[in-house]
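Before any comments, here is the structure.
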Amino acid sequence: PKVTIVGAGNVGATAAHIIASKNLADVVLIDVAEGLPQGKALDMMHMRSVEKFTVRVTGTNDYADTRDSDIVVITAGIARKPGMTREDLLGVNAGIMKSVIGQAMEASPNAVFICVTNPLDVMTTLAFRESGLPANRLMGMGGVLDSSRLSFAVCEKLGCEPADVVAWAVGAHGEGMVCWPRFTTVDGTPITELMDEAAVAEVVQRCVKGGAEVVAHLKTGSAYYAPGASIAKMVEAILGDTHEVMSVCAHIDGQYGIEDLYMNVPVRLGKNGVEEVVEFDLNDDELAALHASADSVRAGLANLPE
Ligand code: NAI
């Protein structure tokens, strides 16, 4: 299989690295910066004989080289600096997303598209409107990352191992994010039974602020290792047609009482992309929180240039 990654910056290159290391697919890195994708791809090809993977990584500035990709991942755009929210990136990144989606689609009309560029929910919606792609073949990566940050916070708090934790963070990929503690489990036991309310609130905050915490340390940009791994996880599920359920920024069409909106929800992934939005049995408070999060996405959409 062939995976194109648009944007050979921190997130794009890290995703390429992980996809190649796992031998999942040939990777084409494409960027407007001349030499950047070529140099990083060559570096990864040099790594090939160390790690003994068999897939190839190539770099290009020409969409012709991305032709007939099975998956296109879009990471092109600027990232946050300290003090910025994801929403501050909207103006610049909307222009980039518009130019990328058309060219990428022309080269790979049958691909599954994964948007990563922030603000995620708004950019994914923009790509949906611009492309006319069927909703199952267009999604965003946000919830896998957010859920992994929740899992991290739980592990740090309880001293448990990630393999024993199932964590759910959904909703807007931003400050309006929603964690589901009742569905977040360690060895099958909900964390609401393993810690008091204050501790639950603490791990939820650690998750919501996780991205900003990384930005504050780095000062020069935002996270890329966990985002890269999260992209690879989704690519693996789609190419492998695994039907795995994970938190994905998907088109919600009536599920949870939400109409026509892109936001992270539990989704089953397979070779055609989103197979279904999976509805968890939420209580009234959880449902209200999800609706509030949907409202925060709608507020962001109002800022989208026509
Ligand atoms: P970066 O600055 O390291 O890389 C971005 C790359 O995009 C640069 O190499 C740049 O030359 C390229 N680019 C700009 N315009 C382009 C165009 N028209 N066509 C092709 N390439 C173009 O930034 P980084 O850290 O890789 O972040 C990329 C985006 O991903 C940001 O918007 C960031 O906010 C977002 N992000 C999203 C996450 C999520 O969970 N959805 C997680 C982490 C980052």
Handout entry: Unsatisfied cross-links (Cα-Cα over 25 Å) in the set K40/K233; K22/K271; K2/K219
Key = K2/K219
Fill in the blank from the handout: Here the percent of antiparallel bridges among DSSP beta bridges lying wholly in the range 109-191, to the nearest 5, is 70 percent
Exercise for the section: Select from G171, G188, G211 the residue whose mean-square fluctuation is largest in a Gaussian network model of the chain (Cα-Cα springs shorter than 10 Å). Expected result: G188
Fill in the blank from the handout: Checking V50, V165, V116 against a Gaussian network model of the chain (alpha-carbon springs below 10 Å), the top fluctuating residue turns out to be V50
Fill in the blank from the handout: Most packed first (mean Cβ within 10 Å per residue), the peptides 273-283, 20-30, 142-152 order as 142-152, 20-30, 273-283
Exercise for the section: May I ask what percent, to the nearest 5, of DSSP beta bridges between residues of the chain are antiparallel? Expected result: 50 percent
Exercise for the section: Could you check which residue among A167, A33, A76 shows the biggest mean-square fluctuation in a GNM of the chain with a 10 Å Cα cutoff? Expected result: A33
Problem - Normalised contact order of the chain, rounded percent, pairs of Cα under 8 Å and 6 or more residues apart - result: 17 percent
Exercise for the section: Determine the share of the chain's accessible area contributed by carbon and sulfur atoms, expressed in whole percent, with a 1.4 angstrom probe. Expected result: 51 percent
Handout entry: Accessible area of the chain divided out per residue, in Å², using a probe of 1.4 angstrom
Key = 43 Å²
Problem - Cα gyration tensor shape for the chain, rounded if a/c is under 1.5, else prolate or oblate - result: prolate
Exercise for the section: Let me know the shape class of the range 263-306, please: from the alpha-carbon gyration tensor, a ≥ b ≥ c as square roots of the eigenvalues, rounded when a/c is under 1.5, otherwise prolate if a/b is greater than b/c, or oblate. Expected result: oblate
Completion exercise
Everything considered on the Cα gyration tensor (a ≥ b ≥ c; rounded for a/c under 1.5, else prolate if a/b is larger than b/c, else oblate), the range 186-306 must be described as rounded
Practice task
Give, rounded to the nearest 20 debye, the magnitude of the charge dipole that the range 122-257 has about its Cα centre when Lys and Arg contribute +1 at Cβ and Asp and Glu contribute -1 at Cβ.
Solution key: 480 debye
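The values are calculated or read from the model by the stated rules, or taken from the named source; none is laboratory data. These numbers come from a predicted model, not from an experiment. When we count neighbours, we look across all protein chains shown, and the Cβ atoms used for this are built from the backbone with ideal geometry, even at glycine. With ligands, DNA and RNA removed, areas are computed over all heavy atoms of the protein, side chains included. Shrake-Rupley method; radii C 1.70, N 1.55, O 1.52, S 1.80 Å.
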